[in-house]
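See below for the structure under consideration.
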Amino acid sequence: MPTVLANVNDLLEKRVLEETGEYASTGGRKAKSIGINKSYCHAMGILITANHIEMVLVNLGDEIIKKDRIRLKFTAELSYCTEVAQKVKTFLEGELAKDTLLGIGVAIPGIIDQKERIVLKSHALGIENYSLRFLEQALEIPVYFENDANAAMLAEKKQKYPNAIYLSLNHTLGGAFCIDGKLFRGQNQKAGEFGHMILVPGGRKCYCGKSGCADAYCAASVLTQDNRQSLDAFMEKIESGDEKNLQIWNEYLDHLAVLISNLRMAYDMDIILGGDVGGVLSDYMIPLGEKVMAYNGFEHDVSYLKNCLYKKEASAVGAAKYFFTKHMVEL
């Protein structure tokens, strides 16, 4: 008890913790409740896509206190980095939180060499061996780069899912997984590329050049007709009972169920359904679960299927949260 009190008092002095109220009296002096001081520090997260950047400002309580999504077409030119830096500056203008900003986490759809600050390959952005050094210099504060699916996994609570797979069902399909609360990256930083596992041999053409990849059947682009309509518009048609779109939806769930069953058999972990589609699946877990069960005769329930914590900004939030973990270790 003395050690605990000494540590708590130390964190109170540093303002990492704060008094949040009092408990009801049990006969003596009322006990005080103590919790994280959410405004103690902040971090910013950015998700870079082919046509947009998404920005979030996150506090120590993992709460998004500001967010914005801006249309900005990616180019490999240095001017793009300068423009991103200017957008960040504008985003932070007038924010008191910028005085406690630990750094900026940048999530990118691609395979990243973090040590060398290089995007080894990104089909989504159309780049290969692309240096991130200039972007790092342009932002002028500590920067952390991460694959977008890995970052989305980092947005989840490690205490709740120490061993889990994250399926990022965005415009393209990505993935990541944690073992003992730590990202497993693989020998060549490619672990979790579930989108390019062959799901239907000789099937639909994937943007990577192969045929039958899971991405061609389970990415959000299957439902949005490659962004010709929004996912919200598609789901509205589902809810209204549109037969054509219901058929597309049922086929989508069938293919997703096969992918989920394969991943469960391979890894025997919780599977978190994230990304844009993961954000809407919470209302369809029963029909999805029934389809998964039809492909998996070794289990009697699908309680291992979990809904994501953040429906929209997971990658940006996860990239930002890196700085909280790093700072707490340094404390």
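The values are calculated or read from the model by the stated rules, or taken from the named source; none is laboratory data. As the structure is a prediction and not an experimental result, all values here were calculated from the model. Reconstructed Cβ throughout: ideal geometry from the backbone, glycine too, with neighbour counts over all protein chains shown. Accessible surface areas use protein heavy atoms only, side chains included; no ligands, DNA or RNA. Shrake-Rupley method; radii C 1.70, N 1.55, O 1.52, S 1.80 Å.
How much accessible area per residue does the range 104-235 have, counting only protein heavy atoms and a probe of 1.4 Å, in square angstrom? Kindly include the intermediate steps, with their values, before the conclusion.
Numbers: 5930 Å² over 132 residues.
Result: 45 Å² per residue.
Please work out the Kirkwood hydrodynamic radius for the range 158-309, using every pair of different C-alpha atoms, and report it in angstroms with one decimal place. Numbers along the way, then the final one.
Values: mean 1/r = 0.0632 Å⁻¹.
Kirkwood hydrodynamic radius for the range 158-309: 15.8 Å.
Per residue, how big is the convex hull of the range 1-128 when only Cα atoms are used? Give it in Å³. Walk me through the numbers on the way to the answer.
On the way: hull volume 20.9 nm³, N = 128.
Hull volume over Cα atoms, normalised by residue count, gives 163 Å³.
Just to confirm the filter: which trypsin sites (Lys or Arg not before Pro) across the range 110-203 are DSSP coil and have at most 13 other Cβ within 10 angstrom of their Cβ?
Hits after loop and neighbour filter: LYS115, LYS157, LYS160, LYS190.
So if I place +1 on the C-beta of Lys and Arg and -1 on the C-beta of Asp and Glu, and nothing else carries charge, what would the dipole magnitude of the chain be about its Cα centre? I want it in debye, nearest 20. Walk me through the intermediate numbers first.
On the way: 37 positive and 42 negative charges, 95 e Å.
Using only the charged Cβ atoms, the result is roughly 460 debye.
Any number yet on Rg/Rh for the range 234-285, C-alpha, Kirkwood? Provide the component values of the computation, followed by the final result.
Values: Rg = 12.6 Å, Rh = 12.2 Å.
Radius of gyration relative to Kirkwood radius: 1.03.
For the range 158-203, what is the convex hull volume of the alpha-carbon atoms per residue, in Å³?
Values: hull volume 4.3 nm³, N = 46.
Measuring per residue, one finds 93 Å³ for the Cα hull of the range 158-203.
Mind jotting down the three principal axis lengths of the range 1-42 based on Cα atoms? Whole angstrom, largest first.
Cα extents, longest axis first: 39, 22, 11 Å.
Running Debye on the range 205-251 with equal point scatterers at the Cα sites and no solvent, what base-10 log of I(q)/I(0) appears at q = 0.13, 0.24, 0.28 Å⁻¹?
Rounded to two decimals, the profile gives -0.31, -0.85, -1.01.
Starting from the range 77-135, pick out the GluC sites (Glu not before Pro) whose DSSP state is loop and whose Cβ has at most 12 other Cβ atoms within 10 Å.
Values: sites: GLU77, GLU83, GLU93, GLU95, GLU116, GLU128; in loops: GLU77, GLU93, GLU95, GLU116.
Here the GluC sites (Glu not before Pro) that fit, given the DSSP loop and packing criteria, are GLU77, GLU93, GLU116.
Of MET328, PHE74, LEU167, which is farthest towards the positive pole of the chain's charge dipole, taken about the Cα centre with +1 and -1 on the beta-carbons of Lys, Arg and Asp, Glu respectively?
MET328
For the range 99-174, what class follows from the C-alpha gyration tensor (a ≥ b ≥ c being the square roots of its eigenvalues): rounded when a/c is under 1.5, otherwise prolate if a/b is larger than b/c, else oblate?
Working: a/c = 2.28, a/b = 1.18, b/c = 1.93.
Taking the square roots of the gyration eigenvalues as a ≥ b ≥ c, the range 99-174 is oblate.
Could you state the per residue volume, in Å³, of the convex hull enclosing the Cα atoms of the range 65-207?
It is 146 Å³ per residue.
P(r) of the range 271-324 in 5 Å steps, Cα pairs, percent per bin?
4, 19, 23, 19, 14, 10, 7, 4, 1
Given R₀ = 30 Å, FRET efficiency for VAL200-GLU83 by Cβ-Cβ distance, to 0.05? Can you show the working numbers first?
Numbers: r = 40 Å, r/R0 = 1.34.
The pair VAL200/GLU83 has a calculated efficiency of 0.15.
Counting other Cβ atoms within 10 Å, which trypsin sites (Lys or Arg not before Pro) in the range 212-293 have at most 11 and lie in a DSSP loop? Don't skip to the answer; put the middle values down first.
Working: sites: ARG228, LYS237, LYS244, ARG264, LYS291; in loops: ARG228.
Answer by residue number: ARG228.
So if I average 1/r over every pair of distinct C-alpha atoms in the chain and take the inverse, what Kirkwood radius in Å does that give?
Numbers: mean 1/r = 0.0467 Å⁻¹.
Taking the inverse mean of 1/r over all distinct Cα pairs, the chain comes out at 21.4 Å.
With N residues in the range 89-140, what two-decimal value do you get for its Cα radius of gyration over 2.2 N^0.38 Å?
Working: Rg = 13.7 Å, N = 52, 2.2 N^0.38 = 9.9 Å.
It is 1.38.
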